[in-house]
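Okay, structure first, notes after.
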Ligand SMILES: [Zn+2]
């Protein structure tokens, strides 16, 4: 087992037996830095910092192989990893032992929820919904024309 990143959605359920998924939904489609996101979290990695040596010694003594980095409350970037899209995730149902594949839905740079959970071994594809300038322009023109109609 290698490293991965995790998503937690308390409302996610097993599509086969309807049991709530207690554990995390994992993905290897990102940087696999053991980051975890809960519903509503900003979709970006946390910054890491070195644990000061004296603090490290206080906490772990002289034990070998102790951690030397820790997560901070700062994010690596102000921009999310993906603004809108779907990240393939998988988990196991602890009630019926089914292997589950699904998507972590990203909306406006935040982890929204787990969607399209299926009891299958077939992995889903990463989906990035690009907002193109053309789409923005279409939206803008639609709004503009509807305002014009509304005018007396
Ligand atoms: Zn189940």
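Points to keep in mind about this one:
- For first residues located in the range 38-60 and farther than 30 Å from residue 85 by Cβ, partners that are part of a loop (DSSP other than H, G, I, E, B) and at pLDDT below 95 and lie 6+ apart or on another chain with Cβ distances below 6 Å form the pairs 51/68; 60/66.
- Only one of the numbered conditions (1) at pLDDT below 90; (2) within 16 Å of the ligand (Cβ to nearest atom) is violated by residue 65, and that is (2).
- For the range 107-123, a residue qualifies if it is more than 16 Å from the ligand (Cβ to nearest atom) and modelled with pLDDT under 95, and the qualifying residues are 107, 108, 109, 122, 123.
- The listed residue being within 16 Å of the ligand (Cβ to nearest atom) and over 20 Å from residue 125 (Cα atoms), out of 19, 50: 19
- Look at (1) in a strand (DSSP E or B); (2) closer than 30 Å to residue 122 by Cβ and you find that residue 29 fails only one, number (1).
- Elements of type strands (runs of 3 or more DSSP E) in the range 77-121, at least 2 residues being more than 17 Å from residue 17 (Cβ to Cβ) and free of Cβ contacts under 8 Å to residues at least 24 places away in the same chain: 99-107
- Taking the range 1-16 as the range and being within 16 Å of the ligand (Cβ to nearest atom) and either in a strand (DSSP E or B) or at pLDDT below 95 (or both) as the test, only 13 passes.
The values are calculated or read from the model by the stated rules, or taken from the named source; none is laboratory data. Given the structure is predicted, the values throughout are model-derived calculations rather than measurements. Here the Cβ is made from the backbone with ideal geometry for all residues, glycine too, and neighbour counts use every protein chain on show.
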